[in-house]
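**Q** First the structure, then my questions, so here it is.
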Amino acid sequence: ALVITQVERLLRRRSWHLPLACDLLALGYFMFISPSTVPVWFPYMFICYAAGIRWGFDLTLPLAGALSLTLVMLTAVKGEIHWIRVVAWLGLTAATFAGGAGLAFLGDRNKRFASQIEFFSRINSTMQVDQGLAESVRLFLQELGSTFDVEGALLLYRDADLERIFLWRMKAGENDRLIPESLPLSRTDGFLLDDMDATLCWNSVVGAGSGFGWDRRDARSIKNLPRLPGPVLQEFQIRSLLTVSFDQSGQPTGRIFLLNGRESFQKQDLAWLESIAQHIGPALENIFLLRHLRARAIEAERSRIARDLHDGILQTLLSIEIQLDVLRRHVPATPEQASSALANLQQTVRNEAAELRQTVTDLRPLRVQSADLVDLMRGFAERYRNECTIALDLLIDSTQLRAPDRVCREIFQIYREALNNIKKHAKASHVVVKLSQDDSRLVLVVDDNGEGFSFAGRFTADELDRLRLGPISIKERSRTVGGVLTVESNPGHGARLTIEVPLG
């Protein structure tokens, strides 16, 4: 009764419990026919399960069959032979073989899942933001090439904003840094194929070729398989390939290619690569987005430097050139005035040289740690007060800040850039900076009484992006550390910037 109850419970559960139900049924047979053979049943099941883990399901099936026949023969030798026992032995053989085969299957699946988990762990370790996009892609393609035993691998990414295709190419045995090739969108059909949802394998690309594939959305087979153009096949010397697409923001945006396998590709190889692409898609998307944010931040920083040079030293040099031309024509007539004018020009050059030297110093990369942030902010505030007539109040709630170094670095850059913008553009007489921290966030507030921005109201960084307003570099630096930027402007009466950065 206990055996029957347990079998019913197992049968009502998931299908992978069926082998255990067969094992219980076989155990019931043993107990009913020959209780003395029950101790032999346990090693048999253990051997089948261990063999499934060690050698796989296919190689374990003959072993399970041989062991089950041996077990039944031992039972037959010890009992009387009549038709009821013959029927029982036949049922026992079937149940024992099914139980052994089922445990072998579970062992094989356990081995596969363990290897898949280990592989995904290695893949995830290659996708590290700190090591950058190029190194992450190189390690990822290298891992794929080693796993599938191919001669090369490609990763293609279509950047809609830049209207370009970026191609990373890895060859087996090479460990050099990968530099992406930038291609026009006109080559989209050549590399990304006409159907981005096609999951394809070509074991031969010569003539009619041989291959298979399916639509990744519904797993339906594709009759007319898309093909790469002849020039692409020749350029990359492709003889066989596997290719799957990966997503960004829910849309297919790139492809992974494995080229020239040592052996013919099977359907399970293509399905496995498709699973890898689905798993790695979010990590790739995060790295591409970070790269995009960094590119925008660099672009904004270059624009700011160009604007500062144009509004500062270039205008001063133009003024000096004009004054020198005037002096050149008036020196013979008024030498005393020329001497005074030259002294003024000399002082102007000194001032501009000092400002240019400070600009170069500010451009050097900073290594800001949480223990240094307060001292750096106070030092910059003291220098700021000496260089301009704006009154600056720096209020810091705590002298012991606890924040990641990259957060402290970006906060200091935002603080410095905000004050420089106020000095050059706001026409303010007073500015208040407040830095505070609690258990969940770090908050920086910069408040001035200058002219404010060209808009009125309170806006977030996303709203400013849609309106194409606000300080671009500060917006990008805030996003880099996951911060929330709010800009409040009252034209003619000042502006306030608030940056809140969540902490773990």
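The values are calculated or read from the model by the stated rules, or taken from the named source; none is laboratory data. What you are looking at is a predicted structure, and each value in this text was computed from that prediction instead of being measured. Cβ coordinates were reconstructed from backbone atoms using ideal geometry, including for glycine residues, and neighbour counts include every protein chain displayed. Areas reflect the complete protein model, heavy atoms only, side chains present, ligands, DNA and RNA absent. Shrake-Rupley method; radii C 1.70, N 1.55, O 1.52, S 1.80 Å.
**Q** Between Leu324 and Phe120, what is the label-to-label distance in nm when each label sits 7 Å out along the Cα-to-Cβ direction?
**A** 6.8 nm
**Q** Follow-up. At a temperature of 4 °C and a viscosity of 1.567 mPa s, determine how fast segment 131-284 diffuses translationally according to Stokes-Einstein, using the Kirkwood radius over alpha-carbon pairs as Rh; express D in µm²/s, rounded to the nearest whole number.
**A** 83 µm²/s
**Q** If you don't mind, there's one more thing I want to ask. Let me cross-check Asp176: its accessible surface, 1.4 Å probe, with only protein heavy atoms counted, in Å² to the nearest 10?
**A** We get 110 Å² for Asp176.
**Q** Okay, moving on. Would you tally the net charge around Leu241, using a Cβ to Cβ cut-off of less than 11 Å, leaving Leu241 out, and scoring K and R as +1, D and E as -1?
**A** Summing Lys and Arg as +1 and Asp and Glu as -1 gives +2.
**Q** Something else about it: For a quick protection proxy, order the peptides 317-326, 407-416 by their average other-Cβ count within 10 Å, most packed first.
**A** 407-416, 317-326
**Q** Same structure again: If each residue of separation counts as 0.36 nm, what is the full-extension length gain between Arg187 and Phe455 once their alpha-carbon separation is subtracted?
**A** Additional length available on full extension: 92.2 nm.
**Q** To continue, here is another question. Take peptides 387-396, 484-493 and line them up by average Cβ neighbours within 10 Å, highest first, as a rough protection proxy.
**A** Going by the mean number of other Cβ atoms within 10 Å, highest first, we get 484-493, 387-396.
**Q** At a 10 angstrom cut-off on C-beta neighbours, averaged per residue, how do the peptides 206-219, 450-463 rank from highest to lowest?
**A** Per-residue mean Cβ counts within 10 Å order the peptides as 450-463, 206-219.
**Q** If eta is 1.567 mPa s and T is 4 °C, what Stokes-Einstein diffusion coefficient results for segment 365-502, Kirkwood Rh from Cα pairs, in µm²/s?
**A** Reported coefficient: 86 µm²/s.
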